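Read-outs: derived from the displayed coordinates by stated rules, not from any lab. Small disclaimer: the values here were computed from a predicted structure and weren't measured. Note: ideal-geometry Cβ built from the backbone for every residue, glycine included; neighbour counts use all protein chains shown.
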């Protein structure tokens, strides 16, 4: 039975896609079977996994509209070792098309049920907004991984996200919970980041992952080569941190 986790944060530019592809690659290196679901119309997680979104015959758009199954749609990322349910620009139109259909927020959950036995982990990369696409991810997931920078505005955005997760838990998905907060792009030389980090730990306790992802140039360069940093340069500090995070995810009793 696969563990399904959303990587979500309503704030943009916080490293959701970087976390999604590197955690997926790190889990593969830890011996896990992984499916990465790209729910962002920009398709960055797809491209960052070495899959050309322009060449996709089928995408997550077809799965949400029930014109194709995940088994028909998924593609294997040979360089990264995990499967990808890719996104293309078509996905931007899915929200409008889904407005009038029944069970629209549960389409992804139902599609995943058919492939539960194929994977140990399913990671869902959500867009930076509370949209019908994000709602599909939250309804399908057992939990949410929240990547966040240790900055003041990030704390405000976190409050909004926690409220959203509570609403989805109460009305649509009783299994949904916050798995943990992942501190990303962390620079220990900046006093404010240290202070926010301590605030997070004092308020959320063991919901804050032990692993901290440092700010790292190699992680930023990797997407231009269509690879996660963990594959592009495994020895880089950021890549090593994501490998440690993957081991922490496997070890946690989730």
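Look at residue 111 and say whether it is more than 28 Å from residue 231 (Cβ to Cβ) and surrounded by 22 or more Cβ atoms within 10 Å (Cβ to Cβ).
Judged against the criteria, residue 111 is not a match.
Given the structure, is residue 230 crowded, with 23+ Cβ neighbours inside 10 Å, in contact (Cβ under 8 Å) with a residue 24 or more places away in the chain and touching a helix residue (DSSP H, G or I) at 6+ places or on another chain (Cβ under 8 Å)?
So residue 230 fits the description; yes.
Just one of (1) outside any loop (DSSP other than H, G, I, E, B); (2) without any contact (Cβ under 8 Å) to a residue 12 or more places away in the chain trips up residue 235, so point out which.
For residue 235, the failing item is (1).
In contact with a strand residue (DSSP E or B) (Cβ under 8 Å, 6 or more places away or on another chain), within 15 Å of residue 36 (Cβ to Cβ) and buried (at least 17 other Cβ atoms within 10 Å of the Cβ): does that describe residue 138?
No; evaluated as a whole, the condition is false for this residue.
Check off (1) surrounded by 23 or more Cβ atoms within 10 Å (Cβ to Cβ); (2) more than 17 Å from residue 132 (Cα to Cα) for residue 91 and give me the number that stays unchecked.
Looking at each condition in turn, residue 91 falls short on (2).
Hey, could you check segment 21-37 for residues that are touching a helix residue (DSSP H, G or I) at 6+ places or on another chain (Cβ under 8 Å) and closer than 18 Å to residue 219 by Cα and say which is surrounded by the most Cβ atoms within 10 Å (Cβ to Cβ)?
21
Kindly evaluate residue 45 against the criterion of being under 12 Å from the mean Cα position of the chain (by Cα) and either buried (at least 17 other Cβ atoms within 10 Å of the Cβ) or assigned to a helix (DSSP H, G or I) (or both).
yes
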